[in-house]
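The values are calculated or read from the model by the stated rules, or taken from the named source; none is laboratory data. Worth saying up front: this structure is predicted, and the values here are computed from it rather than measured. Using ideal geometry, Cβ is built from the backbone for each residue, glycine included, and neighbour counts are taken over all protein chains shown.
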There are 2 protein chains.
Amino acid sequence: MSDFNEQRGRAADYFRDLQGRVVAVLEEFDGGGKFREDTWERPGGGGGRSRVLAEGKTFEKAGVNFSEVHGQMAEDFAKQVPGEGRDFTATGVSLVLHPRNPLVPTVHANFRYLTKGDKSWFGGGADLTPYYANREDVIHFHKVWQLVCTRHPAPVDYARFKKWCDDYFYLPHRGEPRGVGGIFFDYLEGDFDQLFAFVRDAGDSFVEAYVPIARRRKDMAYTEQQRAFQECRRGRYVEFNLIYDRGTIFGLKTGGRTESILMSLPPRVRWEYDYRPEPGSPEAELIETYLKPQDWAEME
Amino acid sequence: MSDFNEQRGRAADYFRDLQGRVVAVLEEFDGGGKFREDTWERPGGGGGRSRVLAEGKTFEKAGVNFSEVHGQMAEDFAKQVPGEGRDFTATGVSLVLHPRNPLVPTVHANFRYLTKGDKSWFGGGADLTPYYANREDVIHFHKVWQLVCTRHPAPVDYARFKKWCDDYFYLPHRGEPRGVGGIFFDYLEGDFDQLFAFVRDAGDSFVEAYVPIARRRKDMAYTEQQRAFQECRRGRYVEFNLIYDRGTIFGLKTGGRTESILMSLPPRVRWEYDYRPEPGSPEAELIETYLKPQDWAEME
């Protein structure tokens with residue numbers, strides 16, 4: 001258990017530092033907005049630092065959260081999580097970027113270290129949600145994560161993490177994935193140093209995975225109609241996060257700070273009854289071509 | 001069980017008829033929009049008829065659904081519902097009205113009859129969600145439901161149903177009720193004819209409970225800023241429906257039609273990070289004065 005404390009300290013230091021570095025890059029990249037900072041304490045133990053940029057030039061809303069919390073899980077919830085008892089600790093960084101321009105994809109990433117009873121593990125991942133998808137963007141995103149994974153031994157495995165991501169970010173009630181995937185992993189147990197090296201490599205690769213995509217699209221002109229489509233698709237993002245996302249549910253059920261947890265929700269959203277894109281339109285192409293799991297990293 | 005069939009038939013006939021009557025009143029009241037009609041079949045058994053008005057003059061989105069479904073509940077879900085086994089039937093009418101004008105409250109009502117194994121029961125209710133609340137509106141809404149309840153014997157009980165509504169339409173992660181309440185009831189078992197008379201009385205009273213409120217507010221001028229506040233508050237409506245609402249979860253988990261279930265979601269919504277109304281503003285008044293359970297029906 002004293003190992004857990006030392007390990008958690010190292011993980012938390014890394015996540016805190018990663019938050020600072022990512023925020024610095026994104027603020028510069030945004031070209032107008034500034035991140036505000038809110039530190040908060042969790043009544044049951046621990047706290048966090050939320051950094052949110054609202055109404056920026058590139059990002060309509062960008063949130064990068066760090067947290068380090070500990071306490072007791074509610075009885076019901078504790079049963080669903082590995083490890084004995086109800087005592088837990090969790091530290092991690094979580095980010096969601098909602099660009100203003102519908103030609104730029106939304107992105108989410110999260111890296112975390114948890115302990116509960118006799119267990120400790122890493123979890124995390126990164127996934128891309130385009131509105132007007134481009135093949136080269138999707139391939140680039142997946143290739144970055146594939147390359148990160150190939151640099152680390154088992155249990156790290158790009159094919160497994162890619163499929164896990166496709167399976168996880170899926171809306172059963174829509175019969176549709178949230179986006180074009182990426183990687184997702186959870187309950188990674190084993191040699192701490194080895195797993196921590198992988199998680200650091202993944203965290204350090206986030207900027208490379210996303211920023212080149214955003215850079216080549218962010219100044220492109222877009223129409224009102226494209227904006228409306230983005231707002232409708234953002235509705236699916238909300239549906240996923242509130243109905244299915246374990247991180248959101250974990251946060252809300254363990255007494256996390258609501259505003260920090262729900263900073264993941266898009267700034268402007270619409271729900272149009274029974275919206276269907278015109279056959280053959282770019283909007284239909286997103287759904288028919290891109291929202292289908294594929295081996296993007298193997299394509300050129 | 002043959003009683004259940006006959007009773008379900010009568011309940012379904014009433015709900016179908018109520019849908020038609022409410023739609024006729026609302027279409028005339030809207031003064032511009034038309035309800036479209038979609039009939040749908042549920043793969044596991046039964047189906048429904050959705051009537052939705054989008055981009056009307058008064059209503060930005062108004063949905064009035066009728067459904068009559070039957071089949072088998074998923075194992076996990078069946079355990080959470082009274083009655084033996086997994087076979088169920090459900091029929092009901094459900095409506096959500098999202099006015100365009102932020103000075104007009106959103107309203108929800110639902111009346112339903114369910115059977116599962118050896119059990120059959122009525123459930124339902126109606127609740128009001130104002131953005132800029134008026135005392136007289138809230139009192140009127142509650143008085144209508146109180147009067148309906150006083151016309152029927154136990155187990156019908158306004159005080160109990162009012163409290164049930166306050167308890168049910170509550171967002172723990174916000175520490176806030178969804179709106180100013182109304183009535184809510186579930187698992188009402190007993191004499192079918194007696195309970196059915198109450199449910200019919202409640203269904204028939206919906207127009208009287210809501211339309212006078214909407215009528216006196218719908219043509220009032222409003223500002224961009226009031227509209228923005230409405231869109232932020234609508235975010236809470238989405239949070240409630242997707243995280244907590246049993247009807248939504250029931251529908252999605254029993255293979256209902258997604259578009260009909262999610263017609264309850266507001267058309268335009270925003271999430272602003274850590275939004276706080278100015279102290280002393282009408283926006284603060286909503287939260288401080290109206291989003292607190294009170295004995296509205298006893299006030300003048």
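I'd like to verify a number: residues in region A:234-257 that are more than 15 Å from B:Pro267 (Cβ to Cβ), free of Cβ contacts under 8 Å to residues at least 40 places away in the same chain and within 7 Å of chain B (Cβ to nearest Cβ), how many? Residues that pass the stated criteria total 2. Scanning region B:152-182 for residues that are within 14 Å of chain A (Cβ to nearest Cβ) and assigned to a strand (DSSP E or B) returns B:Tyr170, B:Leu171, B:Glu176. When B:Ile287 is tested against (1) surrounded by fewer than 20 Cβ atoms within 10 Å (Cβ to Cβ); (2) within 8 Å of chain A (Cβ to nearest Cβ); (3) of a type outside the set (Phe, Trp, Tyr); (4) under 30 Å from A:Arg36 (Cβ atoms), exactly one condition is not met: (2). For region A:79-98, the count of residues that are free of Cβ contacts under 8 Å to residues at least 12 places away in the same chain and either hydroxyl-bearing (Ser, Thr, Tyr) or surrounded by fewer than 22 Cβ atoms within 10 Å (Cβ to Cβ) (or both) is nonzero. Of the helices (runs of 4 or more DSSP H) entirely within region B:211-270, those holding at least 3 residues that are touching a strand residue (DSSP E or B) at 6+ places or on another chain (Cβ under 6 Å) occupy B:224-243. Kindly provide the set of residues from region A:23-46 that are surrounded by 15 or more Cβ atoms within 10 Å (Cβ to Cβ), touching a residue at least 60 places away in the same chain (Cβ under 8 Å) and more than 17 Å from the chain's Cα centre (by Cα), ordered by number. Within region A:23-46, A:Phe29, A:Asp38, A:Trp40, A:Arg42 meet the criteria.
Can we say B:Phe185 is in a strand (DSSP E or B), under 20 Å from B:Leu95 (Cβ atoms) and within 17 Å of the chain's Cα centre (by Cα)? Answer is yes for this residue. Pairing residues of region B:117-133 that are without any contact (Cβ under 8 Å) to a residue 40 or more places away in the chain with residues that are of a type in the set (Gly, Ala, Ser) and assigned to a loop (DSSP other than H, G, I, E, B), at Cβ distances under 7 Å and at least 6 apart in sequence or on separate chains, gives B:Gly117/B:Gly83; B:Gly117/B:Gly85; B:Asp118/B:Gly83. Has region B:179-197 got at least one residue that is within 25 Å of A:Thr248 (Cβ to Cβ) and crowded, with 20+ Cβ neighbours inside 10 Å? Yes, region B:179-197 has at least one match. Here region B:56-70 is the region considered, the condition is being without any contact (Cβ under 8 Å) to a residue 60 or more places away in the chain and not in a strand (DSSP E or B), and the residue that is nearest to the other protein chains (Cβ to nearest Cβ) is B:Gly56.
With respect to being in a helix (DSSP H, G or I) and under 22 Å from B:Arg234 (Cα atoms), B:Cys149 falls outside the description.
Let's see how each residue does on (1) free of Cβ contacts under 8 Å to residues at least 40 places away in the same chain; (2) within 11 Å of chain A (Cβ to nearest Cβ):
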residue: B:Gln194; (1), (2): no, no
residue: B:Val199; (1), (2): no, no
residue: B:Lys218; (1), (2): no, no
residue: B:Glu259; (1), (2): no, yes
residue: B:Leu265; (1), (2): yes, yes
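For region B:75-90, the count of residues that are within 14 Å of chain A (Cβ to nearest Cβ) and within 30 Å of B:Thr223 (Cα to Cα) is zero. Considering only residues in region B:142-167 that are surrounded by fewer than 20 Cβ atoms within 10 Å (Cβ to Cβ) and among the aromatic types (Phe, Trp, Tyr), the one that is farthest from the chain's Cα centre (by Cα) turns out to be B:Tyr158. Scanning region A:220-233 for residues that are among the charged types (D, E, K, R) and more than 10 Å from chain B (Cβ to nearest Cβ), we see that the one that is farthest from B:Leu242 (Cα to Cα) is A:Glu224.
All of A:Ser260, A:Ser205 fail the test of being surrounded by fewer than 19 Cβ atoms within 10 Å (Cβ to Cβ) and among the small types (Gly, Ala, Ser), apart from A:Ser205. Give me the residue from region B:47-78 that is under 15 Å from B:Thr254 (Cβ atoms) and among the hydrophobic types (A, V, I, L, M, F, W, C) and, out of that set, surrounded by the fewest Cβ atoms within 10 Å (Cβ to Cβ). If we take residues in region B:47-78 being under 15 Å from B:Thr254 (Cβ atoms) and among the hydrophobic types (A, V, I, L, M, F, W, C), then B:Ala74 is surrounded by the fewest Cβ atoms within 10 Å (Cβ to Cβ). Has region B:273-281 got any residue that is of a type outside the set (S, T, N, Q), within 14 Å of chain A (Cβ to nearest Cβ) and touching a Cys at 6+ places or on another chain (Cβ under 8 Å)? Looking for residues that are of a type outside the set (S, T, N, Q), within 14 Å of chain A (Cβ to nearest Cβ) and touching a Cys at 6+ places or on another chain (Cβ under 8 Å), one finds at least one in region B:273-281, hence yes. Within region B:95-106, does at least one residue satisfy the condition of being more than 30 Å from B:Gly32 (Cα to Cα) and more than 14 Å from chain A (Cβ to nearest Cβ)? No, region B:95-106 has no match at all.
Please verify whether region A:198-207 includes one or more residues that are more than 17 Å from A:Thr106 (Cβ to Cβ), at pLDDT 95 or above and touching a Pro at 6+ places or on another chain (Cβ under 9 Å). Break it down stepwise before answering.
First pass over region A:198-207, keeping only residues more than 17 Å from A:Thr106 (Cβ to Cβ): A:198-205.
Okay, now just the ones that are also at pLDDT 95 or above, so A:198-205.
Retained after the next criterion (residues that are touching a Pro at 6+ places or on another chain (Cβ under 9 Å)): A:198.
So far as region A:198-207 goes, yes, one or more of its residues are more than 17 Å from A:Thr106 (Cβ to Cβ), at pLDDT 95 or above and touching a Pro at 6+ places or on another chain (Cβ under 9 Å).
In region A:211-250, the residue that is surrounded by the most Cβ atoms within 10 Å (Cβ to Cβ) out of those that are small (Gly, Ala, Ser) and touching a Ser or Thr at 6+ places or on another chain (Cβ under 8 Å) is A:Ala214. Checking each residue in region A:241-263 for being closer than 20 Å to A:Leu171 by Cβ and at pLDDT 85 or above picks out A:Asn241, A:Leu242, A:Ile243, A:Tyr244, A:Asp245, A:Arg246, A:Gly247, A:Thr248, A:Ile261, A:Leu262. Within the set A:Thr106, A:Thr91, the sole residue that is touching a Pro at 6+ places or on another chain (Cβ under 9 Å), of a type in the set (Ser, Thr, Tyr) and closer than 30 Å to A:Pro267 by Cβ turns out to be A:Thr106.
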